[in-house]
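J.: Before I ask anything, let me first share the structure, which is written out below as structure tokens.
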Amino acid sequence: MLSKRSLVGVRLNFHTLAMLFFMLIGMQAFAADPAVSDSEEAVAAGKALFNTNCKTCHRLDQKLVGPALRGATDRSPFENVKKFIKNPAVVIASGDAYYNALYKEYNNLAMPAHEFLSDDDLNNLLSYVEYGDKVDPAAAAATEGAEGGAVAAGGGIPNEYLTIILGVLVVVLLLILVVLGLIISVLTKYLSKQDLDEDDQEFVNQKTNVGKVFKSDMFIVIVTALVVALVAKTALDGLYSVGVQQGYAPTQPIAYSHALHAGTLEIECQYCHTGVEIGKSANIPSANICMNCHTHVQNVQGKEGVSPEIQKIYDAVDNNQPIEWVRVHNLPDLAYFNHSQHVVVGEVECQTCHGPIQEMEVVGQHSSLTMGWCIDCHRQTEITTEGNAYYDKLVQVHSDSKDALKVKDIGGLECAKCHY
């Protein structure tokens, strides 16, 4: 007579195992609001608006400085989303539960207002957010990492490797479930054709009891293992994010817009940050530098009177008090970084480390500035040697190599270069 017990106390067929698998790993899908147009023209127009106004802080399918945007009209009503893009402060102040929760989740970091966008602009922007550039999130994350060498704020090394490990474990679990399902199916068919007594026949043809599945040892072990793995990954991610201030964008004493000065007016970074080409520090501009222009420019866009923000510069000069700018980028004391070495000798653009500064209304830390981020840059960056006599002897020494001369080849990975 056949045994009346299985490993889980109930016969599991392939369909039950597959159902359990998908219940465990979960699936996430978004449904855009029907009011959002999916026309190619709207998506194309929205992409241009996104690249100009949103790309600095957002991606469609992954978190950056702000949340992933795809599915925004599924998580909040269409008109509410448009109001939030237009003026986030007003929506938050209105008490909207969703946006207040989002505001708290991102450490009370408010998105700048976009009141200059028309209703058609907002419709096109949301068309791109919901229907534009649909790609595999994992592939997008890999591409982003390869291009910028940046590490996500809450990520670091565990975010890459533990995600891969968990993915491999899920695939292995799926294969095991498939094999078990096939074995059960074959055995069931085989036993059904045998001459079994009534009790055995009843056992082979018994119905699956879902309640017993959820109470079974196997189900509890699988769920526990997944929970432990996710908790461990979250804990390690948190440890690796200690001291990483990526996305930090404090409110400054004067609402200075880099998008206006460096973007629209195309003022060179070196005009205000005078030390960037001659010393270790880039220097924070004094009020005197501001007065070079604002002695004559007292308001924006031709408005009459003195702008309240520009008045703060005048007050600082009249009272002989420095403007107390809030520092955004702050490396630990154990690390040495020289701006002039990178900007003058290395010919590194400001945007390489600071991101699209010319598009930022409020400046935030764009890159992680971790040691791993710097080392990856030194490993990948080719040195521009042409017309730069500083590298002549190094080029001679490296002439036998077929590979391009990179920072790592001239001591860029030596500990004492940055830690002294």
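J.: Please go through the range 175-209 and pick out each residue that is open to solvent by less than 70 Å² (accessible area, probe 1.4 Å) and under 41 Å from the mean Cα position of the chain (by Cα).
T.: Hits for the range 175-209 are LEU177, VAL178, LEU180, GLY181.
J.: Within the range 77-88, which residues are part of a helix (DSSP H, G or I) and open to solvent by 70 Å² or more (accessible area, probe 1.4 Å)? Even if it seems obvious, please write down each step before you answer.
T.: Within the range 77-88, the subset part of a helix (DSSP H, G or I) is 78-86, 88.
Within the range 77-88, GLU79, LYS83 qualify.
J.: Quick test for you: out of VAL244, VAL227, pick the one residue that is surrounded by 16 or more Cβ atoms within 10 Å (Cβ to Cβ) and of a type in the set (Val, Ile, Thr).
T.: Numbers: VAL227 fails: surrounded by 16 or more Cβ atoms within 10 Å (Cβ to Cβ).
Being surrounded by 16 or more Cβ atoms within 10 Å (Cβ to Cβ) and of a type in the set (Val, Ile, Thr) holds for just one of VAL244, VAL227, which is VAL244.
J.: Condition test on GLN321, is it part of a loop (DSSP other than H, G, I, E, B) and either open to solvent by 30 Å² or more (accessible area, probe 1.4 Å) or without any contact (Cβ under 8 Å) to a residue 60 or more places away in the chain (or both)? Please lay out each step first, then the result.
T.: Numbers: part of a loop (DSSP other than H, G, I, E, B): yes; either open to solvent by 30 Å² or more (accessible area, probe 1.4 Å) or without any contact (Cβ under 8 Å) to a residue 60 or more places away in the chain (or both): yes.
So GLN321 passes the test.
J.: Could you figure out which of (1) open to solvent by less than 80 Å² (accessible area, probe 1.4 Å); (2) closer than 30 Å to PRO322 by Cβ isn't true of LEU265?
T.: Among (1) open to solvent by less than 80 Å² (accessible area, probe 1.4 Å); (2) closer than 30 Å to PRO322 by Cβ, LEU265 violates only (1).
J.: Restricting attention to the range 102-123, report how many residues are of a type outside the set (Ser, Thr, Tyr), farther than 24 Å from VAL36 by Cα and part of a helix (DSSP H, G or I).
T.: Going through the range 102-123, the residues of a type outside the set (Ser, Thr, Tyr) turn out to be 102, 104-105, 107-117, 119-123.
When the remaining residues are screened for being farther than 24 Å from VAL36 by Cα, the result is 104-105, 107-110.
When the remaining residues are screened for being part of a helix (DSSP H, G or I), the result is 104-105.
Looking only at that region, the number is 2.
J.: State the number of residues belonging to the range 324-368 that are of a type outside the set (S, T, N, Q), touching a Cys at 6+ places or on another chain (Cβ under 8 Å), closer than 22 Å to GLY66 by Cα and assigned to a loop (DSSP other than H, G, I, E, B).
T.: 2
J.: Oh, and also: I'd like to know if the range 45-56 contains one or more residues that are among the hydroxyl-bearing types (Ser, Thr, Tyr), touching a residue at least 24 places away in the same chain (Cβ under 8 Å) and open to solvent by 30 Å² or more (accessible area, probe 1.4 Å). Let's see the steps before the verdict.
T.: Residues of the range 45-56 that are among the hydroxyl-bearing types (Ser, Thr, Tyr), as a first pass: 52, 56.
Now narrow it down to the ones that are touching a residue at least 24 places away in the same chain (Cβ under 8 Å): 52, 56.
Cutting the leftovers down to open to solvent by 30 Å² or more (accessible area, probe 1.4 Å) gives us 52.
The answer is yes, given that some residue of the range 45-56 is among the hydroxyl-bearing types (Ser, Thr, Tyr), touching a residue at least 24 places away in the same chain (Cβ under 8 Å) and open to solvent by 30 Å² or more (accessible area, probe 1.4 Å).
J.: Hey, another quick one. What do you reckon, is ASP74 among the charged types (D, E, K, R), in a helix (DSSP H, G or I), within 30 Å of LEU174 (Cβ to Cβ) and modelled with pLDDT of 80 or more? Outline the logic, then answer.
T.: Values: among the charged types (D, E, K, R): yes; in a helix (DSSP H, G or I): yes; within 30 Å of LEU174 (Cβ to Cβ): yes; modelled with pLDDT of 80 or more: yes.
Considered against the rule, which asks whether it is among the charged types (D, E, K, R), in a helix (DSSP H, G or I), within 30 Å of LEU174 (Cβ to Cβ) and modelled with pLDDT of 80 or more, ASP74 comes out as yes.
J.: Which members of the range 268-288 meet the condition of being surrounded by fewer than 16 Cβ atoms within 10 Å (Cβ to Cβ) and outside any loop (DSSP other than H, G, I, E, B)?
T.: Within the range 268-288, GLN270, TYR271, ASN288 qualify.
The values are calculated or read from the model by the stated rules, or taken from the named source; none is laboratory data. This structure is a prediction, so every number in the text was calculated from the model and none was measured. Positions of Cβ are generated from backbone atoms using ideal geometry, with glycine treated the same way; all protein chains shown enter the neighbour counts. The area values use the complete protein model at the heavy-atom level, side chains included, leaving out ligands, DNA and RNA. Shrake-Rupley method; radii C 1.70, N 1.55, O 1.52, S 1.80 Å.
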